[in-house]
Every structure is written in structure tokens, then in C-alpha cells.
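Enquirer: Handing you a structure now.
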Amino acid sequence: MNASAGNGAAQTAASTERPAASVLIVDDDKWTTRAVAAALRDSGSFDVLDPQHSGEAAVAAYTAHRPDLVLMDVNMPPGMSGVDATQEIIGLDPSATIVLLTTVAPGPGLARALEAGALAAVSKSASDAELIRVAEAALEGDSPELLRTLAEDILVSGDSVPDVPANAPALTEAELTLLRQICEGLDYSEIAARQFVTVHTVKSHARNLRIKLGAKNLAQVVIRAVQFKFHSPE
């Protein structure tokens, strides 16, 4: 290969490389922020901003930097909680991507933070590989694979599930099946294989189900499933 061809190939490769996603980590425990930051940096896919240790600082940092992803501790006493910070950030930017950091046994606030607009949750005790998987999936958008243990986590947390916004809608058997598969955390391709339809069809049905349940994202679909007692984890 001649030099000009080589340079052209290098430039093409460089132009197609995805820039590192900016991530803001928020937790009152500095050991947690250090561990999470190290895992993200080591993956080579993330640009980690200076960690913040309070809800107030999180809102200020988000306003200043508009990161691609926020990893938010749910409970950060004293002062503004992760729930309130999530609500504040979503109010500033409805397109913000927020994933909640939870303890081994999720505590109160989980359901309320999801209702406020967080996309998913990941345990602080998760492996580096699992943390990276969830972060990358969240950046790709709303996906059922982010929800594998969410319904169970909500119940384990002992959190008071927010009041249902309306009476339970009437769902068809097909809609109930799809809802349960979403709550189980099956990804779109797995659901499509089980239902013998295309991924595009599954996404379309999931979007219609979300609208019918009055949910902003799939995490809220899981909350509605718990609220309306359409799904109960075993």
C-alpha cells in the first residue's frame, strides 16, 4: 500500500472512531467514585469528569458540562438527595441520561428516582464488566436489557412506589406478554425470537405499550407493571 493510501485509511479509521462519552459520577462516598471512575477510564471508552459528592454539586456540574451520562447515587445525606438531583437535572434537560448507583440491597428512593426520569440502575458492587455493559447500553438508548432485576430491586428496596397516575389500562394478552418480557430484561432480539417477529415490530409494540401505560421510558414501564400489579418478580 502506498503512503497516500495508508494515510487515507488512517484518516478514515480515525473519522469513524466514536469519541469517548463524557460521564459524571455522583456519590457522597469518595471511595465509590474512585472505583467507578477507575473502571470507566480503564475501559478506554469514557471521559470521566471530576466526580461530585452532593446533589447540589451534581446539578451544578451537569449544568456546566452537559455530560453524555450521569451515574447518580440515590441517597446522599445530608442535603439534596440523588432523587431530587435526578429530578432537577431532568427538569433542566429532559434528554439527560441518568443511571442510578445502588447498594447491594437497594434502599428507599429507587422507584422515585426512576419515576423522576432515570433510565436504569446498577449496583455499586457490580463487576467492572457489568458496570461498563450498563453504561454502554444506557448510552445506546432505552433498552429492556437495562431492566433485568429492576422490578425485584424496587420491591427489595422497600421504597414506596409512586401513586399510579390513572386507573390500570386494559391490556391485551399480547401486551401483557410483552410487558412481562420487558420486566424480565430480555433484549429486543430475544423478545423478537420468542414472538417470531422482527426487532422493528417489537420496538414498535414496546413504544405503543409505553404510551398506553403513560410511561416516559422503559424503566417507568416496569414501575407501572408493579403499580398496576401486572408483574411480580418471583
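Bear in mind that the values in this text are calculations on the coordinates, not laboratory data. Everything numeric here is computed off the predicted structure, so don't read it as measured data. For neighbour counting, all protein chains shown are included, and Cβ atoms are generated from backbone atoms with ideal geometry for every residue, glycine included.
Enquirer: Count neighbours as other Cβ atoms within 10 Å of each site's Cβ, and list the trypsin sites (Lys or Arg not before Pro) in the stretch 76-154 that are DSSP loop with at most 10 such neighbours.
Expert: none
Enquirer: Sticking with this structure for a sec: Expressed as a rounded percentage, what relative contact order does the stretch 23-89 have, with Cα pairs under 8 Å and six or more residues apart?
Expert: 40
Enquirer: Among the lysines, which fall within straight-line cross-link reach of K30, defined as a Cα-Cα distance under 23 Å, with same-chain neighbours fewer than 8 residues apart omitted?
Expert: The qualifying lysines are K124.
Enquirer: Now for a different question. If contacts are Cα pairs under 8 angstrom and at least 6 residues apart, what is the relative contact order of the stretch 17-145 in percent?
Expert: 22 percent.
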